[in-house]
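Trainee: My questions will all concern the structure given below.
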Amino acid sequence: MNRRRFIQQSAAGMLAGNLVSAPAAEPLIASIEKITLFKGRGRKEPTWFHPRPCVVPDKNGPRVLMTMQEIRGSDFFMPVQWTESADLGKTWTPPQPVPALRRLPATAELGEEGVCDVVPQFHVKTGTVLALGHSVFYKGKTFDHIQPPRFPVYAVWKDGKWGERKKLQWDDPRGAAIYTNNCGQRVVLADGSIMFVMSFNPAKAKRLAAGVRCSFDGETLAIQQVGREMKHGAGRGLLEPSLTQFQNRFYVTLRAEDGRGYVAASDDGLDFEDKQPWCWDDGTPLDMSTTQQHWLPHSEALHLVYTRKDASNVNVIRWRTPLYMAQVDTKTLRLIRDTERVVLPLVGDGVNAPDDVPIMGNFQTLNVTADESWVTDGEMLPKRGFKGDVVLGKIRWSRANGLMS
């Protein structure tokens, strides 16, 4: 099969969710390039955070829709906005508000209800984009860590227009304090069902996690099944889970607060095998510090994108730069150390001048075309007014990718 024909078949297979194999040859990653999408270091420039894109198929080629929101302090976000690119990220439309995800008056005691941690994803069966985040409450100009009950909030985009704001209903006492898939990756099945892993807890308890299967008709997202609970005794429990499907198995990666990240596998995306800490292929655990990880699948291999402790970043907050990627051994659920690459590099001196090093860690991965995948992130300098750029790590594959995010 010649390369042009293979790429054409792969692109078609991406939308169908099919796997397209290729003969083994050169290394899978051909190149990685860093690009700045939006500048945010100046006094008057907004600092965009949580830049999360999705591909919207179009007869003229793939369009990319991206949601993001301005950050003005620790966990203090302005309303969600969106932007589009018709030329694979070279140019973007001016950001504009998502009306449904604006701030709303709550009560005098609670202040305003906002939305954060939004992840958009194209839904093939209905031709819509589901943008799913969760509620957050602000009183004044800071984030109060004592929050009322929080829950998933979403809006649906179709043909250039956004629908109303909706709450994902789950009347279960296990989610009395919070239930959420914030910042998480989801899987859209061939029948249109949506799978993700939800993090939840009642008041004053450790956060649990479980697989969830939802129906979605293009307007309403509804929980149909919740799987077996996963537990963790350290810190707040299990946070910000991301789910992917690779070669007919489901994999979840979970943020934790004990210096580790965790991984587990499942045949159905609902009931997961025992979780294990992320380790190198020799069994050495990775040193992580309560930061999310996300998947980057390719039809030939599954990769993880993550942060970890390194000699270059020992004094950076939570070692939240650089962003790495490595291939996952799906039999052992370990990272193959020889495959590790830097996707978005550390900028500055993480040992002697860490306050001037932009930190990352609230990122998103996306397969954009058969030959190209992205990792997008919003830099942040907490000691320098929370300023930072929106950056893109552009990964070019040496062999075409038959998977779609």
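Please treat every number below as a calculation from the coordinates, not as lab data. Note that the structure is a prediction, hence the values are computed from the model and not measured. Using ideal geometry, Cβ is built from the backbone for each residue, glycine included, and neighbour counts are taken over all protein chains shown.
Trainee: Loop only by DSSP, 13 or fewer other Cβ within 10 Å of the Cβ. Give me the trypsin sites (Lys or Arg not before Pro) in the range 57-137 that pass, ordered by residue number.
Mentor: Here the trypsin sites (Lys or Arg not before Pro) that fit, given the DSSP loop and packing criteria, are Lys59, Lys90.
Trainee: Here's another thing I want to ask about it. With unit charges on the beta carbons (Lys and Arg positive, Asp and Glu negative) and the dipole taken about the Cα centre of the range 332-405, which residue among Trp374, Asn352, Asn362 sits farthest to the positive side?
Mentor: Projecting each Cα onto the dipole axis, the largest value belongs to Trp374.
Trainee: What distance in nm separates the two pseudo spin-label positions at Val351 and Ala203, each 7 Å out from Cα along the beta-carbon direction?
Mentor: For the pair Val351/Ala203, the computed spacing is 5.0 nm.
Trainee: Report the local net charge at Asp377: Lys and Arg +1, Asp and Glu -1, summed over other residues whose C-beta lies under 13 Å from its C-beta.
Mentor: Neighbourhood net charge equals +2.
Trainee: Sticking with this structure for a sec: Just to check I understand the Karplus step: with θ = phi - 60° and J = 6.51 cos²θ - 1.76 cosθ + 1.60, what whole-Hz values come out for the range 391-396, glycine and proline as x?
Mentor: With coefficients 6.51, -1.76 and 1.60, one gets 10, 10, x, 9, 9, 9 Hz.
Trainee: In whole Hz and in residue order, list the ³J(HN,Hα) couplings for the range 64-80 that follow from phi through the Karplus curve 6.51 cos²θ - 1.76 cosθ + 1.60, θ = phi - 60°; x for Gly and Pro.
Mentor: 10, 9, 10, 9, 6, 8, 6, 10, 10, x, 5, 6, 10, 10, 7, x, 5
Trainee: Given the -39500 (n - 2.57) contribution per DSSP H run of 4+ residues, what per-residue ellipticity at 222 nm results for the chain, rounded to the nearest 500 deg cm²/dmol?
Mentor: Here the helix-only value at 222 nm equals -1000 deg cm²/dmol.
Trainee: Right, another one. Using Cβ counts within 10 Å as a stand-in for footprinting exposure, how do Thr369, Thr220 rank, fewest first?
Mentor: Thr220, Thr369
Trainee: Could you tell me which of the pairs Lys90/Lys387; Lys161/Lys275; Lys141/Lys231 are separated by over 30 angstrom between their Cα atoms in the structure shown?
Mentor: Cα-Cα > 30 Å for Lys161/Lys275; Lys141/Lys231; rest within.
Trainee: Could you run the Karplus curve 6.51 cos²θ - 1.76 cosθ + 1.60 with θ = phi - 60° over the range 312-322 and give me ³J(HN,Hα) per residue in whole Hz, x for Gly and Pro?
Mentor: 7, 10, 4, 10, 7, 3, 6, 6, 8, 5, x
Trainee: Can you classify the range 106-204 as rounded, prolate or oblate using the Cα gyration tensor, where a ≥ b ≥ c are the square roots of its eigenvalues, rounded means a/c under 1.5, and otherwise it's prolate if a/b beats b/c and oblate if not?
Mentor: Oblate shape, in that a/c is at least 1.5 and b/c is the bigger or equal ratio.
Trainee: I would also like to ask the following. Hand me the GluC sites (Glu not before Pro) from the range 84-118 located in a DSSP loop with no more than 10 other Cβ atoms within 10 Å, in residue order please.
Mentor: In loop regions of the range 84-118 (DSSP not H, G, I, E or B), the sparsely surrounded GluC sites (Glu not before Pro) are Glu109.
Trainee: Now for a separate question. Which distance in Å, rounded to a whole number, links the C-alpha centroids of the range 32-48 and the range 117-169?
Mentor: A separation of 24 Å, based on Cα centres.
Trainee: Please list, ordered by chain and number, the residues whose modelled amide H lies under 5 Å from the amide H of Ala106; skip anything fewer than 5 residues away on the same chain.
Mentor: Gly111, Glu112, Glu113
Trainee: Right, something else. Roughly how many debye, to the nearest 20, is the charge dipole of the chain about its Cα centre, given +1 on each Lys and Arg Cβ, -1 on each Asp and Glu Cβ, and no other charges?
Mentor: That gives a dipole near 620 debye.
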